[in-house]
Each structure stands twice: as C-alpha cells, then as structure tokens.
Amino acid sequence: MNLHEFIPALPEIFILIMICVIMMLDLFLDDEHRGFTYALTQLTLIVAAVITWRLYGMHAIVFSGQFVFDKLAAVLKFFIYLMGFALLMYGRTYVPDHKMPRGEFHVLVLLSLLGAMVLVSANSLLTLYIGLELMSLPLYAMVAMQRHVKRSSEAAMKYFVMGAMASGLLLFSFSFIYGLSGTILLPQIMTAHILGAHTYILMFALVFAIVAIAFKFAAVPFHMWAPDVYEGAPVVVTAFLGTIPKLAAFALLMRLVVGGFHLRFAEWHVVLTVLGILSIFFGNILALVQTNLKRLFAYSTISHIGFIFLAVALGTSAAYDAALYYAVVYVIMAVGGFGMILVISHKTEAENISDFTGLNFRNSWLAAMMLLLMLSMAGIPPLVGFDAKLYVIMALVNQHHYIIATYGLLMSVVGAYYYLRVVKVMYFDKPTTNKTLTTTVDGFIAASVNGLLVLLLGIFPAMLVVLCQGVF
Amino acid sequence: MLSHWILSLLIWVPIIGGLITLAVGMNDAHRTLIRWVALAFALITLFLCVPLYFEFDPNLYTMQLVEQHAWIPGLDIGYNLGVDGISVLFIMLNCFTTLIILLSAWSHTKEKAAQYMAIFLISAGLVNGAFATTDAILFYVFFESSLVPMFLGVGIWGGPRKVYASMKFFMMMFLGSIFMLLAFLYLHTKSGNFSIQDFQNVNLTAAEAGWIFMAFLATFAVKIPMWPVHTWLPDAHTEAPSGGSVILAALMLKLGAYGFVRFSLPIVPEVHQAFDWLLIGLSLIAIIYVGFACIMQTDMKRLIAYSSVSHMGLVTLGIFMVFRIVGETHGHNFAHDEDALIGLQGAIFQMVAHAFSAGAMFLGVGYMYDRYGSRLIKDYKGLAHAMPIFAAFYMLFAMANVGLPGTAGFVGEFMIVLAAFKANVWIAILAAFTLVLAPAYTLWMYKRVLFGEIKGRKFAEKNDLKANEILVFVLLAIPTIIFGLYPQWILHISHAASAHFLVHVMSRIPAGSY
C-alpha cells in the first residue's frame, strides 16, 4: 500500500481529522464561544467539497477493493456537503435556542456525514455496513438530543429499534451473499455466476437487502417509523434525517441491488416497482390529512421515494440518471422545506401548517421562497421538481410503462393538493398577528438561496442534468 | 436583428417587470412608484408588439421569428419559439389586455398592490410563452405555470369563496393537463423529439390516435371549458378579482381553443372527424344549455362567466365543424374549402372579440363592486342615474357581447353561423340560438341593473367613472368598434395559417371517409 491509495479517500480522512480537532477544541470553549465550533464545522464542509471537486472525474478503487471513488460517489458526496452546509446554516440559532448541546451536535453531524460518505464510496459489503452504521448511530443520538422532551426520546427509541432491525436484515443478506459467492467485494459479487441462478437462498438475500434499504428510505410498507420519528425529533435533526440518509440510501440501493444483483434484474425490478407504487399511493394519500408539517413532509418524502424506486426499477442507465437527478432534486427541496420550518421557529417549534398562516403578510419574501419550494415539490413547472418528475415519467414512457406513468402523474395531482394547502395558508389566510416576522441573517440567506435555486435550476436545468447524465 | 429576440423579449420583459415590481413593493411606502413601474413594463411589452407586427409576414403560414436553443440536454427538449398567424394575434391581445388590467387597477388601493400588479405581468409573460413556443414540453411548462399567478390572484384578492374557487380551478386544470404531458411523452417516443411540427406528421395506429385524442380532449376541454367540465369557470370567474376574471376570459380560455388548433386537431384529425358529432354536440349544449343557465343567474359576474362558456361553445363549434363542412361539399377541392375556412376564421375572430367584450363586462362589474360592494343584480336599480358615462360604455360592451352588427362580437358569430349552414341546417339553427339567448341574458341584466327607478339613496348621488376607468373603457371600445367595422385586419393576419391548418388536417384524413 502506498500513499497514492489515500488520495481518493482524502475527503473522508480530512473530515475525520477535523472531527477530532473540533471535538477537542470544543472542550475548551464555553457556550458563548461555541459559534467557533459552528464556523469550523462549516469550514470543514467547504474544504471537503473543494477536495471532492478536485477529485471529480477520477475513478479509483483502493484499500484492497474496499473503497471506490467514482462519479456517483463524487456527485452524491458533493450534495451531502452542500446540504449539510445548508442545514447547519438554517439551524445555527435553532440549536442553542432549543438548549441542545452545540458542540456535540456539530460533531455528531459531521460523524453522520462521514458515515454517509463512506457508504457512498463503499465497494464491499463490509464498507457498506460500516458506512451505514456510522451514519445511523449519530442520528439516533441526535434524535434524542433534547432529553427532557418526551416525544424526542420516544422517537429516538423507535428510530433505533427500526434502524437496528434494518441493519440486522442487511447483515443477514450479506451473510447469504458471502455464503453463495465467497466474496465481499461488490464487483466480484456482480460477476459471480452463482448469483445468476434462481435459488431460495439467493432470493432471501435479495429480499432482505431490499427490505433493509426500504427501511432506510422509509418506503411503504416499511415507512411506519418515519412520520413519528420526523415529528418527534427536533426539526433540525428531522431535516438531517429526511435528506442526507436518503442520498446515502440511494447509493446503497445502486451499489448493492442494482450493481451486486444485476443478474437478478427480473426479480428486483418487480419488487422495486411494487414498493414504488405503494409508496407513491400511501405517501400522497396519507399526506392529505396531516396538519403537522413535519409529518406532512414525512409522507411527502415517502411519495418522492416512490418515484425514485420506479425509476431505478426500470434498469436502464437513462433511468438511473433520472433516479439520481430525482434524488438530488428531492434533497434540495426537502432541505428547503425543513429549513423553512427552522427559519420561522424561534424559541418554539413552528411545525404546524397553521404556524405559516398569513406568512405573506408578515414576511412576503419568506412566503415567496416557501411558495417556490412547495410548488416545486408539487411538480409545477418551471421549478426543478417538475424537471425531476418529467425525467422519471419520461423514462417510464420510453420503456412503455404507460399505466405506471399515468398513475405517477395522477398521484402527483393528489400531491399538489396538500402542497397547495400550505400555499393557501400562507397567502390566502389572514395572519393572527400582524407582527413582522424577523429572521436571522443565516436563515434568511439560506432560505433565499434555496428557494431561488429551486427556481433557477428549474429554468436552467442543463448543468444538473448533465452532471447526473455522466454518472451511469 | 430584433427579430431574433422579439419573442423572448415578449416573454421575459413582463416577467422581469413583475419581479422588479415585487422588489419595489417590498417597501409599502412606494405606492405610486409601484404603479408606474408596473405600467412602464406593461407599456414596453405592448410596444414590443409593434416590431412583432411589422416583422411578421401574414402571407406565410410557416413559423416565423424562430428562436432555437437547447434547453434540457439529453432529453431533446428545446427552448424553441416561433409564431404563426394565429398565435401572433393572441400575443398582441395578451399584451393589450395586461395593460388594460394594470390601468384599471390604478385607482384601487388594494392591499399588496405590488403583488397584484406583479402577478398579472408575470402571467402575461407566461401566456405569451405558451402562444409563442414550438416545443411541446416548453408549451406544457408555460401552459402549466400560467396557472400559478391565476391561482394566487383568485386566492389572495378573491371574494368570499376564494379558497374553494382557486383550489378547484388549479386542481381541475392540473388534472387535465397531465394527460397532455403524457400524450407529448408518448408522441416523443414516435417522433424522437418534441417539435410540434414533427408531432403533426407522426403516423399513429387507430388505437394510439384514440388515446392521444382523449388525452388532449381532457386537457383542452377543461381549459376552454367545454360542457360538462366547465364547472370550475363560474366559480373561478366569480371569485376572482376583476383583473383575474379578465385574464381568465380573455386569454386562459383561448389557450384551450388554441391547444385544439395547434395540437389536437393537426395531430389526430381522423379521430376528431370520427367523433365530430360528439364535439359538435357538446359545443351546441354549451351554446344553448349554458345560455339558458345564464338567464337565471343572480350574480352579474357569474352571468358573464356562463356567457363566456356559451361564447366558447361557438368557438369550438367553428373549429370542430370543419370536417362536416368539407364532407357536405365533397367533390370540390376540399383542401381549399372556403366555407370551412370561414368557420375556422370565425372561431378565431370570435376568440379575439370575446376578449374585448367579456373583459370589459367583467371590469364593469368590478367598477360597480368597488362602489357599491355587491355583484348581485337585485342590489342594483337605476344605476344609470349615478353612473351615466359608465352606462353608455356598458351599453356598447353589452351590445358587443350580444353580437350586434357593427361591433366586433357580430363578425365571429355571423361567420360561424354562416359556416354552420354548410355543415347542417340543424346545427346552424341551434347555433343561431345564441343570437336569441345572448340578448336575453345580457340586456335583461343591463335593464335590471342600470335602468329603472333609483333604488335607495346610494344610487342618487353621482359616482361615475374615474379618469383611468374611462381610459380603460375607451381603449376597449376602440377595438370593439374598429374590428366590428373592419374585421379584415384580424382575418388577414390569421388567413394563411388557418388555410394551411385546413390543408394539413384534411390531407391526413383518408379520402372517401367523409
């Protein structure tokens, strides 16, 4: 092993070092100076983004085949930093306002991001699992961070039990795969002939893997935990839960199921399609009756996941591009949605739709940004959410899945209703108080950039589309 | 030089103007400035129609002033613009209408005035885009996104049932338009790109054509709206602020008819021919049944809204009759059938004329509402005493709505009914019912509201139009009279494109299937 082997893993190594540095430094800071921790965390993410940017285009497999740096890894990592950066920016004042230990929070965030990065770059079953656990364990802790809040503890417990179960299933699957193929390296698994034969053991392995991934994605029927956990966790943590692990889970899906089991396309095609159809249906229908915005986003996430599954299930590289594009776009929109809750929460948690009542009269700029985000999630052109839906639906039509395409569009009409309800509350209803809503500078900037990004990426989709088209 | 940019400018100048208006409006103190900024952009947009008009050659049927840029790489979607004689009319109409709306909102001190002005500017750009595009997906983008300003307009400044009306409007439109998107995506698998031109030459099996027909029908029938999917319109029109009602009546409905002419008919003409009994039947129901429904309305806005449905019934009749007319006169050179052309051009003329008359009538109700706070007919009596100038203008627009010879409203109706005689005498007779029904509901409303003894003290005092309102009515009266006396201008611009449309549609129908 020579030093060159470390280059593809530079971002991970850098973040790990910085985690240690921040953890040590934080010990010597009192609460008033914890802004330093925040700044250092953000700086870390920026530098990591720059490193990944410099490495973009490289294709390397290192550490005895355990670790891969390819375009998929680069693109996903880039958005992991970006979204992490945005979320921390949104939540800068939320964390101290809600008496959450600030130093620990930032360290846990970075650790979780590191896990996501490892997962995204995993090239063997072992790295996949390490990444997954490293990503999830800090999240369990983060959900429970407000110890005195009962529902947070409940949510953490639920999340932990469900997460552990999913991990267990995944390990089961790994053991079968290893037993059949005799290797833990994904490229070798991909070409192992034994996986070409239809055996019960193999089906067990495949189904367990998909179930575990569906748990992580919160796809129906493995979605039960999501609304409760989303609601129970402090919104800054919900924002993490709802976004970055989805990017990582996407990598898990692509590398393990699509890559590892590519000979068994006939089987996972069906399973993913069914999961996708169910997710879109239940996600949209159940979201209709929510009054809590966090729960609403939980269900809307489920429906968006359905679209990603439908695209992946098609099994063509154009469809994978569409799925990646959808995943990235979803994450941008979801960060904005949760971020908006963060921005208007001060000492309280502004988590109900009614908290947005008359926002146009209290702060018309924020209302406009929320409008863009909601319309984008609903898939109204010319916002980026429409481009993503169009991409997926187009992939479905090109593969002659007309009924599923029609179904997806019909359900997105249903979905538009609950997003429009938020718009209605903001614009059509009179506010209960006429006090102008003030925001922190960070929150304001993050919300503005996020909202305008959704619009600009929608009008000029070329850059992001090209980025995703080069991946598969 | 300008010809390479003119269509883009027509789309983006009003949109950017709207955003600037919003920015200025961030500070509520800039009340006057807001109006001037918005007005300036509306004027610039209207002014852009001058080079549009002179660069445009009405003798050509092809797409002109073409702009082409790649938009979404890898998905074959382009930012491709171009206009023909039909779309150029609507773009000019749209620019004109937007100016009217801003002028008529001048004296209102609505809350959030900047947003009010901005949504109409933005809507103007989006609607221009829908008329100017030659790429199907881009059309969908503009078609769909123009719902948002209207949704907000109805919802923010609307009447008591604004939430219901705006939601219903948006959901029905959205539901309708997804089928169009599916049709586009399907056609793309056949033609390999999203050019509308290429869609029109795709060969489809009967089953495919049938599905595509249904998809387009679902979209455009809701938009026009045709009976029985017109139910969103009375609600949206009634609850919308008067500017919103005007845009809905003058432009949004026309987008539906435009969709039929641009997409549905040229792409699957044979299905339209096979089902023309259905389409003509629905049009006649719209004319007669909705006409009767109009008479019984108690709310003036609702009455005018239903009258719009009825008038759009005439438009769809004019469009869908073409097969029957050509069939009846079979043996002539059917591709250049003059009677079918008269019906089609009548429909196009009617669309333009209806924008002026219905727009003016909606604005008039808005003026009454601003003064007396009611839209109900029974709350008014003898208003002519209080508002004599208004009464005079309103008589003109009512007459245009009725279709009195000499006003723009007459020409289109006359052409359509004339053409209908060539199709079938019974169709013509039923269509001619509009000549009885329209006066009945319009003039009866006029009589009840403006004539008669003064009711209560509030109508005794003079409360006539303000300067800006008079200006608006004058601006609307001019085209109403000019196009009534000299319709040739509109007919000339749309002639080549309409004639080519007929040639194309008829050429795709197998001979002997009439």
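Rule-based calculations on the coordinates, nothing more; no lab input. Since the structure is predicted, the reported quantities are computational estimates derived from the model, not experimental observations. When we count neighbours, we look across all protein chains shown, and the Cβ atoms used for this are built from the backbone with ideal geometry, even at glycine.
Of note:
- Förster radius 45 Å - calculated FRET efficiency between B:Trp5 and B:Leu278 (Cβ-Cβ, nearest 0.05): 0.55
- The reciprocal of the average 1/r between distinct C-alpha atoms defines the Kirkwood hydrodynamic radius, which for the stretch A:3-469 equals 22.2 Å.
- Seen from B:Val141, the other residues with C-beta closer than 11 Å to its C-beta sum to a net charge of -3, counting Lys and Arg as +1 and Asp and Glu as -1.
- Relative contact order, whole percent, for chain B stands at 16, derived from Cα pairs under 8 Å and 6 or more residues apart.
- Charge sum, other residues only, whose C-beta stays under 15 Å from B:Leu278's C-beta, Lys/Arg counted +1 and Asp/Glu -1: -1
- Rounded to 10°, Cα long-axis angle of helix B:467-485 versus longest principal axis of chain B: 40 degrees
- Crossing angle, helix B:113-132 versus chain B [Cα axis fit, 0-90 degrees, rounded to tens]: 20 degrees
- With helices as the sole contributors, chain B gives -23500 deg cm²/dmol at 222 nm; each DSSP H run of n ≥ 4 counts as -39500 (n - 2.57), and the sum is divided by every residue.
- Fewest-first ranking of A:Tyr38, A:Tyr407, using other Cβ atoms within 10 Å as the exposure measure: A:Tyr407, A:Tyr38
- Residues A:Lys150, A:Lys158 arranged by fewest to most Cβ contacts within 10 Å: A:Lys150, A:Lys158
- For the stretch A:1-147, the normalised intensity computed at q = 0.11, 0.12, 0.19, 0.21 Å⁻¹ comes to -0.42, -0.49, -1.12, -1.30 (log10 of I(q)/I(0), Debye sum over alpha carbons, equal scatterers, no solvent).
- Shape call, the stretch A:364-472: gyration tensor on alpha carbons, a/c limit 1.5: oblate
- Pairs with C-alpha atoms separated by more than 32 Å, drawn from the list B:Lys162/B:Lys466; A:Lys77/A:Lys430; A:Lys430/B:Lys168; A:Lys150/A:Lys216; A:Lys77/B:Lys168; A:Lys389/B:Lys168, are A:Lys77/A:Lys430; A:Lys77/B:Lys168.
- Each Lys or Arg adds one and each Asp or Glu subtracts one; over the other residues with Cβ under 14 Å from the Cβ of B:Pro225, this totals +2.
- What the phi angles of the stretch A:104-111 give under the Karplus curve with 6.51, -1.76 and 1.60, with θ = phi - 60°, is a coupling list of 4, 4, 5, 5, 5, 4, 5, 4 Hz, glycine and proline written as x.
- Helix B:388-402 and the longest principal axis of the C-alpha atoms of chain B enclose an angle of approximately 20°.
- Normalised by residue count, the protein assembly as shown yields a Cα convex hull volume of 162 Å³ per residue.
- Based on the Stokes-Einstein relation at 10 °C and a viscosity of 1.306 mPa s, and on the Kirkwood radius from alpha carbon pairs, chain B is assigned a translational diffusion coefficient of 69 µm²/s.
- Considering only alpha-carbon pairs that sit under 8 angstrom and 6 or more positions apart, the relative contact order computed for chain A is 14 percent.
- Rounded to 5, the percent of DSSP beta bridges in the protein assembly as shown classed as antiparallel: 95 percent
- Burial ordering of B:His311, A:His98, B:His69, fewest other beta-carbon atoms within 10 Å first: B:His69, A:His98, B:His311
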